[in-house]
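Everything below concerns the one structure shown next.
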Amino acid sequence: MNLWDERFQHKRYAFGKEPNVFLTEAQNNHHIIEQNDNALAIAEGEGRNAVYLAELGANVAAWDFSIEGLRKAERLAFKYDLHVETEHVDLNDAQWTFDHWDQIVCIYGHFSPHLKARTIDGVKKALKPGGHFISEAYSIYQLPYNSGGPKSEDMLYDPIQLLEAFQDWKIKHFYTGETIRNEGDHHHGLAHVIQIIV
């Protein structure tokens, strides 16, 4: 059993059942998700954001490395009479189909430098023209905070590197700085984040 299966095997939802605040703000401010969009949530964990996308009328797929997390995502969707297509995916081996998704969401998906680069390349390949990538994650300046996230700088995001990765894309929103997050037991308090919509 991997670390994430151990974390997600309990009845309690580790990061809560409500969607990430930035994701809801992105939708409210930019009206990104439309009825029948094909939306992908990667590193989705227990499904809180995927279920929100389904509530908005999208056709949603959720990828995660944790089978336990995906089972909870299915239960959460069932509770609200929604459907989320779950798929057990190791992003190291993910198959990114060209021009396939209208929207891709990654909320607090923290990876090794190699996997970060591979995943960003996959996102850029798989989004349809006019599609959006929406993400919130901890920045490299999160280390002194005690509000969650990896304790290795390599697993955090450098704002400059992220901007450079999407330098040829239209950036609709970019923010790096402090915010307060209260999401379950593991994201709690003042944090230093990066938000991006491209």
Quiz item: Taking Lys79 as the anchor, which aspartates and glutamates have their alpha carbon closer than 15 Å to its alpha carbon, excluding any fewer than eight residues away along the same chain?
Solution: Glu18, Glu46, Glu55
Exercise. Please give the peptides 64-71, 19-26, 77-84 ranked by average Cβ packing (other Cβ atoms within 10 Å per residue), highest first, as a rough proxy for protection.
Key: 64-71, 19-26, 77-84
Exercise. May I ask you to order 168-175, 104-111 by the average number of other C-beta atoms within 10 Å around their residues, highest value first?
Key: 104-111, 168-175
Quiz item: Quick one: if you take sqrt(5λ) for each eigenvalue of the C-alpha gyration tensor of the chain, what semi-axes come out, biggest first, whole angstrom?
Solution: 22, 21, 17
Quiz item: What ranking do 184-193, 145-154 get when scored by the average of other Cβ atoms within 10 Å per residue, highest first?
Solution: 184-193, 145-154
Practice problem: Please give the contour-minus-distance gain from Asn2 to Asn36: 0.36 nm per residue of separation, less the Cα-Cα distance, rounded to one decimal in nm. | Solution: 8.8 nm
Self-check item: Within the chain, helix-based [θ] at 222 nm, where runs of 4 or more DSSP H residues each add -39,500 (n - 2.57), nearest 500
Solution: -8500 deg cm²/dmol
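Coordinate-derived values only; no laboratory data. The shown structure was predicted, so the numbers you read here are calculated from the model rather than taken from an experiment. A quick note on method: Cβ atoms are made from the backbone with ideal geometry, for glycine too, and the neighbour counts reach across all protein chains shown.
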